[in-house]
Amino acid sequence: MTGTLLVQAQDIVKRRLCGNSLPVQLFSNLQSAETDIYNLLKRTVEYAESNSLLIIGPKSCGKSTLIKKVVSRVKKNENAAKNLLVVNLNGYMQTDDRIALDEITRQLQLENTIGDKVFGSFAETLSFLLQALRTGSNESQPILFLLEEFDLFAQHKNQTLLYNLFDIAQAGLTPLAVIGVTCRIDVMELLEKRVKSRFSHRQIFICNTWTFKEYVGAFKDCLQIKVEEKKKKAKWKIFLAKWNKNIDMLSEDLTVLEILEKQFLISQGLSGLQKLLMYPVWLLSNQHPLITPADIEESAKSLFADSKANILHGVSVLELCLIISMNHLMIIHDNQPFNFHMVYNEFLKFSQKKSHILHNYSKAVVLKAFEHLIELELLKTRDHSGIGISKIQKEYQPMVLLVENSQLLEAIGKYPGCPTDVKQWAQSSIV
Amino acid sequence: MSKVRKSSRNKEQVKKETAAQKNQPAAFDEESDVVYSWEKSSEITNSHEIKKFKSLINTDSKSLRLYRTIVLTNLDTSAHLKVSVGDGVHIASEDGDNDFYIARVEAMYASGPKSSDMSAIVSWYFKATEIPKSKLPKQLLPNEVFLCTAKAEMDVDAETIINKCHISNTPMQQNDEKTERFYFCGKSFNGKRFKNIKEDRSGSPAPPPEKKETHCHGNKISKKSDYVVKTTMTSPVSASSVGMFDVSSAAMDILHNDNDSDAATSSDEENELEKPQLPTMMGSDEVKEVAPLRVDKRSLNVLSKKTLVVTMRKMNLATPLPGKENQPPDMVRRSSRLSDKKLVLPLKIQQTVKLSDYDSDDLSDDLNDIDAVSESSDDVTSEDDTGDDVTDEESDERLAKRPKRGKNMTSKARQLRQRNDVTSFVTKTRKKRSPHIQPRKTPLKAASTRFEKARENLHVSAVPDALPCRENEFQTIYSFIEGKISSGTGGCMYISGVPGTGKTATMTEVLSSLQRAVDDDGLEAFDYVEINGMRLTEPHQAYVSILKQLTGTKATADHAAQLLTKHFNQRGKKTTLLVVDELDLLWTKKQDVMYHIFDWPSHRHARLIVVAIANTMDLPERLMMNRVSSRLGLTRLSFLPYTFKQLQEIITTRLRGLEAFDADAVQLVARKVAAVSGDARRCLDVCRRAIEIAEKDKRSTKASASIEHVHTSLQEMFASPMVKLIRHSSTHEKIFLRSVVAEFRRSGLEEATVGLVLQHHVALAKLEGLPPPNVTSLIKVCNQLAASRVVLLEMGRHDIYARIRLNVSVDDVLFALSDYAS
């Protein structure tokens, strides 16, 4: 019985973490912005007042959630629900005006208005849509255009779509509300001057204003499930009480707080938190019905893992030695590029002295190992000179190391069965 | 020769489409089962006549016999039906005994001895029931029929004629007893739209309505009187008149297709495919010939394929009727000379008519027809060895007149084009419905409060009664255009000005004033065409857009350009006013679009006024080639950005009588916007926002927007959010920004690589007492900042060697972080 209850609870939380239905109490800091947008939309619906608006804010600060919330609130109004047409566009999906226009036509369900006419050219679609929108008046149904990743629309050729949307919004034709959502703070500079002039210059900035305490609150809100009185049976209530109590305990656990703070210092956005919690929630099972601090720690470990250090765990001792010699070269030559021969020389210095550790590798073998490291993208060619790199022989191509000293040391510390001499050599270049 | 065949089944197609609608009782019940035999009564023997008809008939058979009158005999009732060229007839329909089509006989010929070999060339008329109801004109006269100007199969078997009727061009009297067989034809229909049939321009009088001869337009009357005369000619004719006849046949052909159509013509191939396979039963051995006929197998094949066949039982012989062969020869001479003059004329007239028709498809089709006919007539003459220099000259002249395109077109290409025409015909008829957004379901709320009214008035879309502060510009543009219109010349004007200075608005106002002048003060009417570079996907689409607005037809960009050039080269039309907004977007590498637009007005008969609007003042010098800017001319007008006084006036005029705005507040907005851009749109938006803020402001006791509200609004719209954003970024983001600044300071450059910044970051984090995050986390931090463009990060797989810049000034960063650093 606990099993099914657990699955239910897990389901609710999973849905939240994937961003589909976040609890309402989050984003309480966006209250004023929400009212503003709501009023704007209401005026478009009720007075046929066309408007354009930009919502700007860093990633994962709740822009899209906010706008979704507002639209659903507007739609609750019966009057608005009957009239308002919503067109959702996303800059990543509608990568050019042609696709965008097709999508608008589809979402406005205009494709069947003139018989079975199949849309031919881009020009036809544009004139068709403009005709549709420009023939409207105050008495037409208001349309909400929701442009996510607005900055990408500004990269379309001539910004035709934006110009025409803003132009119609300013021409008193079909009532439009054009709402752009973007994380680029300099988005206004992307707009052409004539497009800019037609934009109404309403911008709403959204920021993460959370303190750490609120962040912990958000952590709890994400996981805790409210008991809805009449709906469920007693067992569910008991389960939830247990579940919520566990979350409370988690939020007071020092390890968890430490991890949360670490995440908070890096990013205040909700998405980091969601990622952190995803693993522990998915881990739940009958045998393991409650989230433990260890789960979160495990999750944090993989979340904060250093990718390069991880790769270094998988290389051979020879390759590791090559990385160390490159690191020394970079330090000695003040980040100047090196080539294979320099690395090989540096490596020889070490391997000759400590010949008992390493076999006497031939040059060809070392070169092979070197190439493997290039494939792993632990080093890359430095092509600042004008000469094409590909023309230079492999051994002489200037290379730079992409591994930071700290990453190297971390990797060597964890490297299984790393010879002591290599460890020492990594720490100091003196052999 | 076969390529001349313009046979098409459009008529039949249309009829099939409408067949379902036909449920009217047949007027000829007793005759529907009647079988006729035919007998030629007056054969046409004149060689010219024959030639002419041959060009109509479209077969290369030399063994045709042509007739002016034939007599059909009903075998059951032995009633005779005399059919002459020019008679209106009922023609049996293939889809039912009770139904019939209306047509007028243009020629009759026999290709063989059998009864089925007698065919008639007819021009068709639509009955009202044959036309889809949606297309019918609102007012229908009783028994009204419409001349079919769409291309259709003109060849029918003579036996399919079931009755005679009268087609007149005046409405008939209601009390006429025989209304059933009297038809009135005042309009032509090409499958798409109706046209009034014009009076003959060559001046031949229209037939009196009482006349039983069935004519529907003057052109044809003149033509027919020629036939009558010519049949009697027995003497060889001079070479020149042969040439003229060729022309006449060409002209005649044009007349047939005259008003027509983006003619939904289908090719011969389609024609055969679509043809219903009716059983052919021809007991034809009893046919008796007055004169023996040589049967050309080939032509017979062609004909039997083409002609409609109607069930037939038996053939009998009828008594021959006397022809009109008694006319004196001198009269013949006179009329033939007369016809010389007349026949040349129609060709020219028709051409001008067509060009003024603007209809692109019309034009090209008709020109193709000219090609076809002239080719055919050339063939005929050479076959008969009577063609000589005059004929050649004539046809050469015509060849020269043709567009190059037609000349190069192969018959294949022509077929393809015709097929396209069919599809375009289909789509065009459907396109009548224009797309639109559904009307709203619940009524609009009207603005009630003062603030709401103010907001409404301040919206950019609100149209003021008059544009304040642009009186001079208005006057300049107005007088320029008015002068050009009244003098019937053309010219260019270039209007420049930064966005939001009222260029397009002024132009719109000028236009409405001009329209008023046309309505009230008798200014000559003009066509108005507007294009906007931003509403085109590609500069060359400008041609398509202009053509569509001028003539309502669609064409590809290249074709449209040709047609437009032709259009503007042609005399005797209204002045056209072309407004080109966002001109700079019409720029192409070759600048051909701009070149054409500014070149047209300089054509002699163009009567085109071009008003080009763009943002930049020096566009002609900066962007255009010399030959383009020289054509643009020097009539320029530049809209200066609004000064703060003008902006103030704009706002006050819009808010007159509302008192929703403090005077000081207005001044603040005006000054602020004037200092930044002078953009009226921006100014209005700021005011509107200020009113919204005032409306929301509960503390404010005053019922108007004050300076405070304006200030907030300005803050919202002009302030950069950068500082706010940095203030609210996460701790490591802040440290990262400080590291960037530190690295800039260290290197003295405004650019750093990520790796070096990371080292600073680690050091700074340690200084702050924070555990330094690893490289992967730090790159994440860097990417977060780059996503909101606080820093600019080099794209690509550069990892820690990616270069990084700040998108804000260092001072701003330090200012934003000051509280943190302290």
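Considering only residues that are more than 7 Å from chain A (Cβ to nearest Cβ), touching a strand residue (DSSP E or B) at 6+ places or on another chain (Cβ under 6 Å) and more than 18 Å from B:Thr731 (Cα to Cα), which ones fall in region B:770-801?
Initially, region B:770-801 is screened for residues more than 7 Å from chain A (Cβ to nearest Cβ), giving B:771-772, B:778-779, B:782-783, B:785-786, B:791-798.
Narrowing the set further to residues that are touching a strand residue (DSSP E or B) at 6+ places or on another chain (Cβ under 6 Å) leaves B:785-786, B:791-794.
Hits for region B:770-801 are B:Leu792, B:Leu793, B:Glu794.
Does A:Lys349 satisfy the criteria of being assigned to a helix (DSSP H, G or I), at pLDDT 90 or above and among the charged types (D, E, K, R)?
On the way: assigned to a helix (DSSP H, G or I): yes; at pLDDT 90 or above: no; among the charged types (D, E, K, R): yes.
Judged against the criteria, A:Lys349 is not a match.
Conditions tested, residue by residue: (1) under 30 Å from A:Lys213 (Cα atoms); (2) outside any strand (DSSP E or B); (3) free of Cβ contacts under 8 Å to residues at least 60 places away in the same chain.
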{"position": "B:Arg656", "(1), (2), (3)": "no, yes, yes"}
{"position": "B:Val669", "(1), (2), (3)": "no, yes, yes"}
{"position": "B:Ala674", "(1), (2), (3)": "no, yes, yes"}
{"position": "B:Ala690", "(1), (2), (3)": "no, yes, yes"}
{"position": "B:Ala694", "(1), (2), (3)": "no, yes, no"}
{"position": "B:Arg738", "(1), (2), (3)": "yes, yes, no"}
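Of all residues in region B:447-484, count the ones that are assigned to a helix (DSSP H, G or I), within 33 Å of the chain's Cα centre (by Cα) and not β-branched (Val, Ile, Thr).
7
State which residue pairs qualify: first residue more than 19 Å from B:Thr504 (Cα to Cα) and inside region B:625-643, second residue loosely packed, with under 13 Cβ neighbours inside 10 Å in any location, beta carbons under 8 Å apart, and separation of 6 or more residues or different chains.
Partner pairs satisfying both residue conditions: B:Ser629/B:Glu621.
In this structure, is B:Thr753 surrounded by 15 or more Cβ atoms within 10 Å (Cβ to Cβ), within 14 Å of B:Ile804 (Cα to Cα), in contact with a helix residue (DSSP H, G or I) (Cβ under 9 Å, 6 or more places away or on another chain) and β-branched (Val, Ile, Thr)? Walk me through how you get there before you give the answer.
Details: surrounded by 15 or more Cβ atoms within 10 Å (Cβ to Cβ): yes; within 14 Å of B:Ile804 (Cα to Cα): yes; in contact with a helix residue (DSSP H, G or I) (Cβ under 9 Å, 6 or more places away or on another chain): yes; β-branched (Val, Ile, Thr): yes.
Here the answer is yes, as B:Thr753 does meet what is asked.
Are any of the residues in region A:181-190 under 30 Å from B:Asp679 (Cβ atoms), in contact (Cβ under 8 Å) with a residue 24 or more places away in the chain and away from every other protein chain (no Cβ under 12 Å)?
Taking every residue of region A:181-190 in turn, at least one turns out to be under 30 Å from B:Asp679 (Cβ atoms), in contact (Cβ under 8 Å) with a residue 24 or more places away in the chain and away from every other protein chain (no Cβ under 12 Å).
Could you list, in sequence order, the residues of region A:307-325 that are within 14 Å of chain B (Cβ to nearest Cβ), buried (at least 20 other Cβ atoms within 10 Å of the Cβ) and among the aliphatic types (A, V, I, L, M)?
Across region A:307-325, the qualifying residues are A:Ala309, A:Leu312.
Sort out which residues of region B:713-742 are β-branched (Val, Ile, Thr) and within 10 Å of chain A (Cβ to nearest Cβ), and write them in order of number.
Step one: list which residues in region B:713-742 are β-branched (Val, Ile, Thr), which gives B:723, B:726, B:731, B:735, B:740-741.
Passing the criteria: B:Ile726, B:Thr731, B:Ile735.
Among B:Ala555, B:Ala560, which is within 15 Å of the chain's Cα centre (by Cα), surrounded by 19 or more Cβ atoms within 10 Å (Cβ to Cβ) and not in a helix (DSSP H, G or I)?
On the way: B:Ala560 fails: not in a helix (DSSP H, G or I).
Just one listed residue meets the conditions, B:Ala555.
From the list B:Val781, B:Val791, which residue is farther than 24 Å from A:Met330 by Cβ and surrounded by 14 or more Cβ atoms within 10 Å (Cβ to Cβ)?
Values: B:Val781 fails: farther than 24 Å from A:Met330 by Cβ.
Residue meeting the stated conditions: B:Val791.
Residues that are in contact (Cβ under 8 Å) with a residue 12 or more places away in the chain, assigned to a loop (DSSP other than H, G, I, E, B) and more than 17 Å from B:Val579 (Cα to Cα): does region B:510-530 have at least one?
Yes: region B:510-530 contains one or more residues that are in contact (Cβ under 8 Å) with a residue 12 or more places away in the chain, assigned to a loop (DSSP other than H, G, I, E, B) and more than 17 Å from B:Val579 (Cα to Cα).
Each row is one residue, and each column tells you yes or no for (1) under 49 Å from the mean Cα position of the chain (by Cα); (2) over 21 Å from B:Leu785 (Cα atoms); (3) of a type in the set (A, V, I, L, M, F, W, C); (4) surrounded by fewer than 24 Cβ atoms within 10 Å (Cβ to Cβ).
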residue: B:Leu668; (1), (2), (3), (4): no, yes, yes, yes
residue: B:Ala674; (1), (2), (3), (4): yes, yes, yes, yes
residue: B:Gly678; (1), (2), (3), (4): yes, yes, no, yes
residue: B:Leu684; (1), (2), (3), (4): yes, yes, yes, no
residue: B:Cys687; (1), (2), (3), (4): yes, yes, yes, no
residue: B:Glu695; (1), (2), (3), (4): no, yes, no, yes
residue: B:Val710; (1), (2), (3), (4): no, yes, yes, no
residue: B:Leu737; (1), (2), (3), (4): no, no, yes, no
residue: B:Gly748; (1), (2), (3), (4): no, yes, no, yes
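When region A:61-109 is examined, which residues are found to be free of Cβ contacts under 8 Å to residues at least 12 places away in the same chain and polar (S, T, N, Q)? Outline the logic, then answer.
Narrowing region A:61-109 to residues free of Cβ contacts under 8 Å to residues at least 12 places away in the same chain: A:68, A:72, A:75-76, A:78, A:81-82, A:93, A:99, A:106, A:109.
A:Ser72, A:Gln109 - these are the residues of region A:61-109 that are free of Cβ contacts under 8 Å to residues at least 12 places away in the same chain and polar (S, T, N, Q).
Report whether or not B:Thr653 is within 21 Å of B:Lys453 (Cβ to Cβ), within 44 Å of the chain's Cα centre (by Cα) and of a type in the set (Ser, Thr, Tyr).
yes
Filter region B:743-769 down to residues that are in contact with a Lys or Arg (Cβ under 7 Å, 6 or more places away or on another chain) and at the interface with chain A (Cβ under 10 Å from one of its Cβ atoms), then give me how many there are.
1
Which of the residues belonging to region A:384-431 are surrounded by 14 or more Cβ atoms within 10 Å (Cβ to Cβ), at pLDDT below 85 and closer than 27 Å to B:Thr776 by Cα?
The one that is surrounded by 14 or more Cβ atoms within 10 Å (Cβ to Cβ), at pLDDT below 85 and closer than 27 Å to B:Thr776 by Cα: A:Ser429.
Among the residues that make up region A:196-213, is at least one of them of a type in the set (D, E, K, R), in contact (Cβ under 8 Å) with a residue 24 or more places away in the chain, out of contact with any Leu (no Cβ under 6 Å at 6 or more places or on another chain) and more than 9 Å from every other protein chain (Cβ to nearest Cβ)?
Filtering region A:196-213 for residues of a type in the set (D, E, K, R) gives A:196, A:198, A:202, A:213.
If we keep only those that are in contact (Cβ under 8 Å) with a residue 24 or more places away in the chain too, we end up with A:198, A:202.
Now drop any that are not out of contact with any Leu (no Cβ under 6 Å at 6 or more places or on another chain), which leaves A:198.
Those left that are additionally more than 9 Å from every other protein chain (Cβ to nearest Cβ): none.
No, that holds for no residue.
Considering each residue of region A:124-169, count those that are facing another protein chain (nearest Cβ under 8 Å), part of a helix (DSSP H, G or I), more than 35 Å from the chain's Cα centre (by Cα) and surrounded by fewer than 22 Cβ atoms within 10 Å (Cβ to Cβ), and give that number.
3
Looking only at region A:368-379, decide whether some residue is modelled with pLDDT under 85, more than 18 Å from A:Asn335 (Cα to Cα) and either within 11 Å of chain B (Cβ to nearest Cβ) or outside any helix (DSSP H, G or I) (or both). Talk me through it step by step, then tell me what you get.
Of region A:368-379, the ones modelled with pLDDT under 85 are none.
Checked region A:368-379: no residue is modelled with pLDDT under 85, more than 18 Å from A:Asn335 (Cα to Cα) and either within 11 Å of chain B (Cβ to nearest Cβ) or outside any helix (DSSP H, G or I) (or both).
Do any residues in region A:1-25 that are at pLDDT below 85 have Cβ atoms under 6 Å from those of residues that are of a type in the set (Lys, Arg), where the two are at least six apart or on different chains, and which pairs are they?
Sorted first by the residue in region A:1-25, then by its partner, the pairs are A:Ser21/A:Arg15; A:Leu22/A:Arg16.
Pick from B:Thr653, B:Thr616, B:Thr635: which is of a type in the set (S, T, N, Q) and within 14 Å of another protein chain (Cβ to nearest Cβ)?
It is B:Thr616.
Across region A:34-59, which residue is modelled with the lowest pLDDT among those that are under 26 Å from A:Leu223 (Cα atoms) and surrounded by fewer than 21 Cβ atoms within 10 Å (Cβ to Cβ)?
Of the residues in region A:34-59, the ones under 26 Å from A:Leu223 (Cα atoms) are A:34, A:57-59.
Imposing the further condition that a residue be surrounded by fewer than 21 Cβ atoms within 10 Å (Cβ to Cβ) reduces the set to A:34, A:59.
Details: A:Glu34: 89, A:Lys59: 86.
Across region A:34-59, the extreme among qualifying residues is A:Lys59.
Within the bounds of region B:803-822, is there any residue that is hydroxyl-bearing (Ser, Thr, Tyr), on the phi < 0 side of the Ramachandran plot and in contact with a Cys (Cβ under 9 Å, 6 or more places away or on another chain)? Spell out the reasoning first.
Quick first cut of region B:803-822, residues hydroxyl-bearing (Ser, Thr, Tyr) only: B:809, B:818, B:820, B:822.
Then keep just the ones that are on the phi < 0 side of the Ramachandran plot; that gives B:809, B:818, B:820, B:822.
Next, from what is left, pick out any that are in contact with a Cys (Cβ under 9 Å, 6 or more places away or on another chain): none.
For region B:803-822, residues hydroxyl-bearing (Ser, Thr, Tyr), on the phi < 0 side of the Ramachandran plot and in contact with a Cys (Cβ under 9 Å, 6 or more places away or on another chain): absent.
Of everything in region B:600-618 that's surrounded by 20 or more Cβ atoms within 10 Å (Cβ to Cβ) and of a type outside the set (Val, Ile, Thr), which residue is farthest from B:Ala525 (Cα to Cα)?
Here is the first cut: in region B:600-618, the ones surrounded by 20 or more Cβ atoms within 10 Å (Cβ to Cβ) are B:600-601, B:606-614.
Next, only the ones that are of a type outside the set (Val, Ile, Thr) stay: B:600-601, B:606-608, B:612, B:614.
Details: B:Trp600: 20, B:Pro601: 18, B:Ala606: 15, B:Arg607: 12, B:Leu608: 13, B:Ala612: 21, B:Ala614: 27 Å.
Restricting to residues being surrounded by 20 or more Cβ atoms within 10 Å (Cβ to Cβ) and of a type outside the set (Val, Ile, Thr), the top hit is B:Ala614.
Hey, among A:Ile67, A:Ile99, A:Ile104, which residue is among the aliphatic types (A, V, I, L, M) and more than 22 Å from A:Pro175 (Cβ to Cβ)? Before you say what the answer is, go through the steps one by one.
On the way: A:Ile67 fails: more than 22 Å from A:Pro175 (Cβ to Cβ); A:Ile104 fails: more than 22 Å from A:Pro175 (Cβ to Cβ).
That would be A:Ile99, the only listed residue that is among the aliphatic types (A, V, I, L, M) and more than 22 Å from A:Pro175 (Cβ to Cβ).
Would you check which residues across region B:456-486 are within 14 Å of chain A (Cβ to nearest Cβ), surrounded by 16 or more Cβ atoms within 10 Å (Cβ to Cβ) and not aliphatic (A, V, I, L, M) and list them? Reasoning before the result, please.
Kept after step one, since they are within 14 Å of chain A (Cβ to nearest Cβ), are these residues of region B:456-486: B:456-464.
Narrowing further to those that are surrounded by 16 or more Cβ atoms within 10 Å (Cβ to Cβ): B:456-461.
Those that are within 14 Å of chain A (Cβ to nearest Cβ), surrounded by 16 or more Cβ atoms within 10 Å (Cβ to Cβ) and not aliphatic (A, V, I, L, M): B:Glu456, B:Asn457, B:His459, B:Ser461.
The values are calculated or read from the model by the stated rules, or taken from the named source; none is laboratory data. All values derive from a computational prediction rather than experimental measurement. Please note: Cβ atoms are built from the backbone with ideal geometry, for glycine as well, and neighbour counts cover all protein chains shown.
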